Structure formats: structure tokens, C-alpha cells
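Participant: Sending over a structure as C-alpha cells; questions will come in a sec.
Where a number appears in this text, it was derived from the coordinates with a stated rule and is not lab data. Just so we're clear, the structure is a prediction, and the values are computed from it rather than from any experiment. Here Cβ is always computed from backbone atoms with ideal geometry, including for glycine, and neighbour counts include all displayed protein chains.
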């Protein structure tokens, strides 16, 4: 099996990459850093890159994936930005989040439109539909990602594309959200604190088991794993 994944430096991306590497899959990965847990694997092709540098992504794709057709591409890299009201969020902050959560994935999808990928799963979020106060740029970016996947699904009939909300996972991003103390202003924080969350390795196993089931949904669909 050939797997492509972004954002393997920590959390879900790291856990997914390790799971597939241990199974013997050929893994192509992009990310800001290679964690110690993934060092030494001969079946890993990794390129260190900040995916917000959009002009560098295609070169990184050529360096790692090249013309290889992958079985599964997981567009996992993302950022949440600061939890605050939309009116307090600058256009620069929105642009930073959109660059990583949306436009970096567009460049990657353009590559796979040429080289081919049997299945593409973009990691979305329930925030893309909840509209909870405080999500601001993150919610907008994930909603945009859902539509990006729907649009590309119509252009890539040889690939099956899904935007997937993976549920609540104990990641550095989640810890950043939970560090917000103003629960009265942002009720979503209190709700998340009172909700059960999966550790990344458990979440990775659940997601890997779900990928085949996602093929039963129409290409371009947004799916919440908690509703499968």
C-alpha cells in the first residue's frame, strides 16, 4: 500500500503515519518536523516543509511522491488559530489559517489530479457545521475545505474524495483550545472539556478501519465519523 499524509509532526498525523509504517506501507509525508517515533523507517519518504509556504508545496510533492499513484492520501495538516470573536480576528490571521487548512490542500489536490490517488480523505471538523462562537477562521477554513473536496470530486472521477470530521482527539490543537479560560464567552470550551476524547493512537486505529467504509459514501461528501 502507498499512503500520503501531511502534518506528521504530532497528534493524529504522527499516529497514522506510525500505524501504516509499522504495517509495511510505503508512506510519503510532508510536515514541519519528523518526530523521533518515525525516524529510521526505510519505507518513509519525508520532506520537511511549512505548508503555509504555498509556492514550495509542488516541489515537495515532486521530491516525495513524484509520479507515483497512491492508494490513500490523508490531508491532515491544519491549524486552529486563536479562539476569539470574529470581529476581533484580523484578515491576516484568517489568511494564515486559510493558507494551511485550505490552499495548501488545493496545491496537493492539483498534484494528485495529475498523478492519481485512489482515495483522498481531508481531515475536516465538526466546527465546519456547528458555527460555535470563537471558532472564527478555523470554522470558515474547514467549511471551505468541505466545499473544496466537493468541487474536486467532480473533477477527479478516478479518485474518491471525502472530507472527514474525525471526532474529538487529544492533540496539541485540542490542548490549545482547552487552555481558553473564558468558558462563559465561548461555551464550546466547556462542552469540549466535558466530552470524552480519544488518544491519537486509538483515533488512528479507528480512522484506518473507517477508510474502507468511506468508499460507500458518494465522492465529495462530508462525513462525521461519529455518525457512521
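Participant: Ignoring everything except DSSP H segments at least 4 long, calculate the 222 nm mean residue ellipticity for the chain; use -39,500 (n - 2.57) per segment, divide by total residues, nearest 500.
Facilitator: Working: 9 runs with 93 residues, N = 228.
Per the formula, -12000 deg cm²/dmol.
Participant: Still on this model: Would you mind pulling out the separation of the Cα centroids of the range 107-145 and the range 160-215, in Å?
Facilitator: If we compute the Cα centre of each part, the gap is 15 Å.
Participant: For residue 212 and residue 32 in one chain, what is 0.36 nm times their gap in residues minus the Cα-Cα distance, to one decimal in nm? Kindly include the intermediate steps, with their values, before the conclusion.
Facilitator: Values: separation 180, 0.36 × 180 = 64.80 nm, distance 2.85 nm.
Length gained, residue 212 through residue 32: 61.9 nm.
Participant: Given a Förster distance of 35 Å, report the FRET efficiency between residue 22 and residue 190 from their Cβ-Cβ distance, rounded to the nearest 0.05.
Facilitator: Details: r = 37 Å, r/R0 = 1.06.
The value I calculate is 0.40.
Participant: Got a sec? How would 184, 155 order by Cβ neighbour count within 10 Å, fewest to most?
Facilitator: Details: 184 8, 155 11.
Exposure proxy ranking, most exposed first: 184, 155.
Participant: Shifting gears a bit: What is the packing order of peptides 172-178, 43-49, 13-19, taking the mean over residues of other C-beta atoms within 10 Å and listing the highest first?
Facilitator: Numbers: 172-178: 15.0, 43-49: 17.7, 13-19: 24.7.
Per-residue Cβ counts within 10 Å, averaged per peptide and sorted highest first, yield 13-19, 43-49, 172-178.
Participant: Which peptide among 106-113, 86-93 comes first, and what is the full order, when sorted by highest mean count of other Cβ atoms within 10 Å? Spell out each step's value before the answer.
Facilitator: Numbers: 106-113: 18.9, 86-93: 10.9.
Put in order of decreasing packing, that is 106-113, 86-93.
Participant: Turning to a different aspect of this structure: Explain nothing, just the number: relative contact order of the range 137-228, from Cα pairs under 8 Å at least 6 residues apart, as a whole percent. Don't jump to the answer; show the numbers that get you there.
Facilitator: Details: 79 pairs, mean separation 43.1, N = 92.
It comes to 47 percent, rounded to a whole number.
Participant: For the range 2-227, what is the percent of antiparallel DSSP beta bridges, rounded to the nearest 5? Numbers along the way, then the final one.
Facilitator: Working: 0 of 28 bridges.
Bridges in the range 2-227 that DSSP calls antiparallel: roughly 0 percent.
Participant: How high is the relative contact order of the range 2-227, given as a whole-number percent (alpha carbon pairs under 8 Å, six or more residues apart)? If you can, show how the numbers build up before the last one.
Facilitator: Details: 408 pairs, mean separation 45.5, N = 226.
Value for the range 2-227: 20 percent.
Participant: Taking 1 over the mean of 1/r across every pair of different Cα atoms in the chain, what Kirkwood radius in Å do you get?
Facilitator: Working: mean 1/r = 0.0565 Å⁻¹.
Kirkwood hydrodynamic radius for the chain: 17.7 Å.
Participant: For the pair residue 91 and residue 201, what calculated FRET efficiency results from E = 1/(1 + (r/R0)^6), where r is the Cβ-Cβ distance and R0 = 25 Å, to the nearest 0.05?
Facilitator: The computed FRET efficiency comes out at 0.10.
Participant: I need the shape label for the range 127-228. Rule: rounded when a/c is under 1.5, else prolate if a/b > b/c, else oblate, with a, b, c from the alpha carbon gyration tensor.
Facilitator: The shape class here is oblate.
Participant: Under 10 Å, Cα contacts only: if you run a Gaussian network model on the chain, which one of 205, 150, 26 comes out with the highest mean-square fluctuation?
Facilitator: 205
Participant: Where is the GNM fluctuation largest for the chain (alpha-carbon springs, 10 angstrom cutoff): 210, 159, 125?
Facilitator: Greatest mean-square fluctuation among the candidates belongs to 210.
Participant: In addition: So between residue 42 and residue 228, what do we pick up on full extension, going 0.36 nm a residue minus the alpha carbon distance?
Facilitator: Values: separation 186, 0.36 × 186 = 66.96 nm, distance 3.47 nm.
Separation in residues times 0.36 nm, less the Cα-Cα distance, equals 63.5 nm.
Participant: Of 72, 100, 38, which has the largest mean-square fluctuation in a 10 Å C-alpha GNM of the chain?
Facilitator: Checking each option, the largest mean-square fluctuation is seen for 38.
Participant: Given the peptides 137-143, 50-56, arrange them by the average over their residues of other C-beta atoms within 10 Å, most packed first.
Facilitator: On the way: 137-143: 24.1, 50-56: 15.1.
Going from most to least packed, we get 137-143, 50-56.
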